[in-house]
Amino acid sequence: MRNFAILYFWRAEKVGLSHGSGSLKDVEYGILGAFKRRIKIRLIHQIGNRKNIIMKKFRLVTIVILSLIMQSCHTEEKQLTESQEKELIASAQEIVLKVFEYSNNLNFEKGLEHYSEASGSYYITDGIMHSLDELKKEYREIGPSVERLHNTIESWNAQLVSKDVVNFTLPVHLKLKLAGIPEFEGQLIWTGTVQNQKEGWKIIQSHESWLNCAEIAAALIPENEKPE
């Protein structure tokens with residue numbers, strides 16, 4: 001009522017009632033028109049606010065739906081059957097087995113063809129981290145001195161990380177004969193990550209850990225170089 005009274009006197013003054021001009025009907029029409037305009041403005045604002053609320057709710061619902069779809073796709077990717085998981089592991093395992101077979105046949109360069117050349121791939125042997133090029137160089141240098149080598153994988157321990165990545169942790173029994181040095185037998189743990197890339201499965205990381213480093217270091221020293 002307070003706002004309406006202010007509007008009444010303001011409108012009356014505009015039509016000249018306070019100065020003796022105009023009629024009461026003019027004032028009433030003026031007040032009614034102003035009141036209608038105000039109601040119209042309020043309705044426009046309310047409609048605009050409702051549209052904004054509806055649009056915000058629509059955006060929120062859309063985001064929730066998209067999130068559910070993405071989660072569903074992610075869940076479907078993880079929900080492989082047991083046979084599918086075994087098939088993927090077996091496929092990756094073939095590559096690792098080939099590498100060990102090439103190594104047993106002293107064909108180190110051929111085995112390294114199954115290693116990734118990516119700049120972010122590194123391979124650790126004897127506590128030293130190598131790129132693939134460095135690993136190839138090391139095998140070229142030591143290769144001629146290897147007379148016999150046999151790796152026996154004692155058990156296969158695989159972890160399927162995703163449909164494109166498999167981790168292996170393998171206990172290996174090794175027999176190694178270098179020129180001028182008695183044959184050595186020892187144990188090591190080989191771990192590797194195999195990734196399915198465009199050209200097939202590739203080893204993207206590997207690590208060899210000897211169970212007794214001091215023992216193998218002493219065994220691989222030539223007899224004429226050992227301290228008396």
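Figures for the structure shown
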| quantity | calculated |
| --- | --- |
| Tally of residues being without any contact (Cβ under 8 Å) to a residue 24 or more places away in the chain and not in a helix (DSSP H, G or I) across the stretch 128-160 | 9 |
| Residue in the stretch 70-86 that is within 20 Å of SER209 (Cβ to Cβ), out of contact with any helix residue (DSSP H, G or I) (no Cβ under 8 Å at 6 or more places or on another chain) and small (Gly, Ala, Ser) present | no |
| Number of positions in the stretch 79-93 that are in a loop (DSSP other than H, G, I, E, B) and within 17 Å of GLN195 (Cβ to Cβ) | 1 |
| Residue tally, condition farther than 20 Å from HIS130 by Cα, in contact (Cβ under 8 Å) with a residue 60 or more places away in the chain and out of contact with any Phe, Trp or Tyr (no Cβ under 6 Å at 6 or more places or on another chain), over the stretch 88-117 | 5 |
| Per-region count, the stretch 161-179, residues assigned to a strand (DSSP E or B) and touching a helix residue (DSSP H, G or I) at 6+ places or on another chain (Cβ under 7 Å) | 3 |
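For every residue, the table says whether it meets (1) assigned by TED's automatic domain parsing to the domain that holds CYS213; (2) more than 25 Å from the chain's Cα centre (by Cα); (3) within 24 Å of ILE181 (Cβ to Cβ).
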| site | (1), (2), (3) |
| --- | --- |
| TYR115 | yes, no, no |
| ALA118 | yes, no, no |
| SER121 | yes, no, no |
| ILE124 | yes, no, yes |
| ILE128 | yes, yes, yes |
| ASP133 | yes, yes, no |
| GLY143 | yes, yes, yes |
| VAL146 | yes, yes, yes |
| SER155 | yes, yes, no |
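The values are calculated or read from the model by the stated rules, or taken from the named source; none is laboratory data. Model, not experiment: these values are computed from the prediction. All Cβ positions, even for glycine, are placed from backbone atoms using ideal geometry, and neighbour counts span all protein chains on display.
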